[in-house]
Amino acid sequence: MRIVFIHPNYHSGGAEIAGNWPPAWVAYLTGHLRRAGFDDIHFIDAMTHHIGPEELRARLAALKPDVVGLTAITPAIYEAEEALRIAQEVCPDALRVLGGIHATFMFRQVLEEAPWVDVIVRGEGEEILVNLMEAVRDGRWPAERRKIRGLAFKDGEEIVATQAASTVKDLDAIDPDWSILDWDKYIYVPLGVKVAIPNMARGCPFTCSFCSQWKFWRDYRVRDPKKVADEIERLVTDHGVGFFILADEEPTINKKKFVEFCQELIDRGLNKRVTWGINTRVTDIYRDRDLLKFYREAGLVHVSLGTEAAAQLKLDLFNKETTVAENKEAIRLLREADIFTEAQFIVGLDNETKETLEETFQMAWDWQPDLANWSMYTPWPFTPLFQEIRDQVEVFDFSKYNFVTPIMKPAALTRGELLDGVMKNYRRFYMRKALFHYPWRGTGFRRRYLLGCLKAFLKAGVGRTFYDLGKAGYWGPQTKGKVDFHFDDSRKIADAQMADWEASADRAAKAAERRAAVKAQMGERAEERRAFKMPEVAACGGGKQQMDEEA
């Protein structure tokens, strides 16, 4: 049975300015499938190779797959749907499978707008996909499809969601097959080396209101640090990887295992062969301030911090559980440990103004991170914050939900003015860094890395790919009134998805009412207990004096 995976051909001018990122999902799925006995697996990276519809048709015609599978984040969903439509034309007998975070939560939307999608894998794909492929191989598909957990599909006019599958409990049993990737194409521009995105843990115990990752991965699980180090060693030795970023939401949550991982890299000498970066929380940096130099010794050179906002009001809105003062201190601590810092700011909510944009710039310059990013707030349609502000969302063209397009329109700004304000922050920050910091601060690796980052920004800026500026027609402040983000106004929320949202909101409201009633009842009982005076009870020996704890 031949399986062909495709990575959708989607580009936005965001994270890819730093290079081509290897699609880790295909390595993890392929590894698990191979262990289950599926060997005829092929991969088409349409994004990295810029493969258009005609070339995709030709490749699928040549491969003649039995199964075509894709995964997609929200902005890539239409490209993924189109690739499966092409698969329907070229190989109509092949099973067409879609996975990923968007399809997991928006399966009703996807199945209504793309009825040629045969089945959606909801949640972590490794175990669900093996069960699905075994059913296809053994001739049990589609007769037994309702018995397989973690799927969604159309049965006539009915949209069926089978019982949710459990999360992968034994992460150490997952052995990714990185050989399926064409490694010469995945280069990290700042250092000019091959880059990988391995996975150490899944899940996140925090519930930031704008984020959906904690909902997708559900419970938090960590792999054996030795197993992760084994994987890094293979990536370095077999594929020549010189830089990696841990894909985890926050790899430092489990301090003990993160320290063990760092020690493994040092003991194996991998810290001399590969450098790496992470995303993490400000609070973890503050907690581990005495370990930061040890982390640097292990090869950690880049930390991206979810500072998110310069104003405490926004941090509270995002449910970040951090303070502005902690953000500044974390950046100082990392700088002292010779670890590059990247501060992330979220802008573009309803209350954004010219003054608040200026505030984020002044705060960023005061904190002095090595890098700063201003990301447009993107209202993922499956997050708590989206449900709170849904009435304010006017754009449902998900191809623009990419952190660089202003989906929301602030009350005090046009979208063009918001984009111009963000570009003004970028221009000032990096111009000052280029003139007064990067060429003169530090020597050797530090200087080379920072100049490499500047090169990546300049390359994207000159090519007009940064923030999709070329497509939007932005050429500076003089064009802020003329920019066109090319929103597809025909895109709407499907009736089935809207009905599901409303039912979920109704269930949530009823649950909140029950919680409030229980809380009130408990409060009443507490009052009753306080009103009832307990009689004095004699201690051992007949006295009323209890033994002093210190004694």
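The values are calculated or read from the model by the stated rules, or taken from the named source; none is laboratory data. Just so we're clear, the structure is a prediction, and the values are computed from it rather than from any experiment. Cβ: placed from backbone, ideal geometry, glycine included. Neighbour counts: every protein chain shown. When the accessible area is computed, the model is the full protein with side chains, heavy atoms only, and any ligands, DNA or RNA have been set aside. Shrake-Rupley method; radii C 1.70, N 1.55, O 1.52, S 1.80 Å.
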Would you be able to tell me the number of residues in region 143-165 that are part of a loop (DSSP other than H, G, I, E, B), in contact (Cβ under 8 Å) with a residue 12 or more places away in the chain and open to solvent by less than 70 Å² (accessible area, probe 1.4 Å)?
5
What helices (runs of 4 or more DSSP H) completely inside region 414-500 contain at least 2 residues that are touching a residue at least 60 places away in the same chain (Cβ under 8 Å), open to solvent by 40 Å² or more (accessible area, probe 1.4 Å) and over 25 Å from Thr360 (Cβ atoms)?
444-462
Hits in region 396-443 (condition: within 21 Å of the chain's Cα centre (by Cα) and either over 23 Å from Leu371 (Cβ atoms) or of a type in the set (Phe, Trp, Tyr) (or both)):
Phe396, Asp397, Phe398, Ser399, Lys400, Tyr401, Phe403, Ile407, Met408
Give Asp350, Asp397 a once-over and let me know the one that is open to solvent by less than 10 Å² (accessible area, probe 1.4 Å) and among the charged types (D, E, K, R).
Asp397
Got at least one residue in region 384-392 being open to solvent by less than 10 Å² (accessible area, probe 1.4 Å) and in a loop (DSSP other than H, G, I, E, B)?
no
Is there a residue being over 30 Å from Leu454 (Cα atoms), open to solvent by 10 Å² or more (accessible area, probe 1.4 Å) and part of a loop (DSSP other than H, G, I, E, B) anywhere in region 2-17?
yes
Condition check for Thr360: closer than 30 Å to Phe105 by Cα and buried (at least 22 other Cβ atoms within 10 Å of the Cβ):
no
In region 48-72, how many are touching a residue at least 40 places away in the same chain (Cβ under 8 Å), of a type outside the set (D, E, K, R) and open to solvent by 50 Å² or more (accessible area, probe 1.4 Å)?
2
Filter result (open to solvent by less than 40 Å² (accessible area, probe 1.4 Å), under 12 Å from Ala201 (Cα atoms) and not polar (S, T, N, Q)) within region 224-252
Pro225, Val228, Leu246, Asp248, Glu250, Pro251
For region 67-91, enumerate the residues that are in a strand (DSSP E or B) and under 19 Å from the mean Cα position of the chain (by Cα).
Leu70, Thr71
Got a sec? Which of Asp248, Asp290, Asp284 is part of a loop (DSSP other than H, G, I, E, B) and modelled with pLDDT under 95?
Asp248
All but one of (1) at pLDDT 95 or above; (2) of a type in the set (Val, Ile, Thr); (3) farther than 19 Å from Gly123 by Cβ hold for Ile17, so report the exception by its number.
(1)
Look at Glu112 and say whether it is crowded, with 21+ Cβ neighbours inside 10 Å, assigned to a helix (DSSP H, G or I) and of a type in the set (D, E, K, R).
no
